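The values are calculated or read from the model by the stated rules, or taken from the named source; none is laboratory data. Computed from a predicted structure; not experimentally measured. Here Cβ is always computed from backbone atoms with ideal geometry, including for glycine, and neighbour counts include all displayed protein chains. Accessible surface is based on the protein model in full, side chains and every heavy atom, while ligands, DNA and RNA are left aside. Shrake-Rupley method; radii C 1.70, N 1.55, O 1.52, S 1.80 Å.
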Amino acid sequence: DVLDPERLIQCPYNKHHRIRACRFPYHLVKCRKSYPEVAKELATCPFNARHLVPQADLSDHITKCNDKGFIEQDIVNQSSGFQREQLNAASTWQAPPCDEDWETESSEQSDSPFVW
């Protein structure tokens, strides 16, 4: 099961490492520091940071990545929801009442010049 936190995943930095899925993100950070030469050769999937593939294979991975569908669906849902909100929401904002009258205030002040 893909959602099982106890399933074992193979580390992309060291093929002998098998890590539980729930610990995998932490392991990736640690192993990236331990294997900098391998890290330079791997690229991160833009749809799931847990997917590390050889740089030459990244474009192929992007077209086949299962997580791509989730991201695209989220974008569609957000944009359609935003448009729906824009159509349904009429602005009910009103400016607060203003009791300032600058004309009256300026005539009430003395004619003495401003002194700093």
Check: Taking a probe of 1.4 angstrom, what is the accessible area of K30 in Å², to the nearest 10?
Finding: 140 Å²
Margin query: Per residue of the stretch 55-61, what does 6.51 cos²θ - 1.76 cosθ + 1.60 with θ = phi - 60° give for ³J(HN,Hα)? Whole Hz please, x for Gly and Pro, Karplus curve as stated.
Written below: 4, 5, 9, 4, 5, 5, 4
Note to self: Within 10 Å of each candidate Cβ there may be at most 15 other Cβ atoms; applying that plus a DSSP loop requirement, which GluC sites (Glu not before Pro) in the stretch 1-42 survive?
What the structure shows: E6
Check: What per residue convex hull volume, in Å³, comes out for the stretch 1-64 when only alpha-carbon positions are used?
Finding: 87 Å³
Check: Long-range amide H contacts for R20: which residues qualify at under 5 Å (H placed 1.01 Å from N, peptide plane, sequence gap of 5 or more or a different chain)?
Finding: I9
Notebook entry, point to check: With θ set to phi - 60° and the Karplus curve 6.51 cos²θ - 1.76 cosθ + 1.60, what are the ³J(HN,Hα) couplings of the stretch 32-41 in order, to the nearest whole Hz, using x for Gly and Pro?
Noted result: 4, 6, 6, 10, x, 5, 6, 4, 5, 8
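Chymotrypsin sites (Phe, Trp or Tyr not before Pro), restricted to the stretch 2-61: which are DSSP loop and have at most 15 other Cβ atoms within 10 Å? Working shown, then result.
Values: sites: Y13, Y26, F47; in loops: Y13, F47.
Sites meeting the loop and neighbour criteria: none at all.
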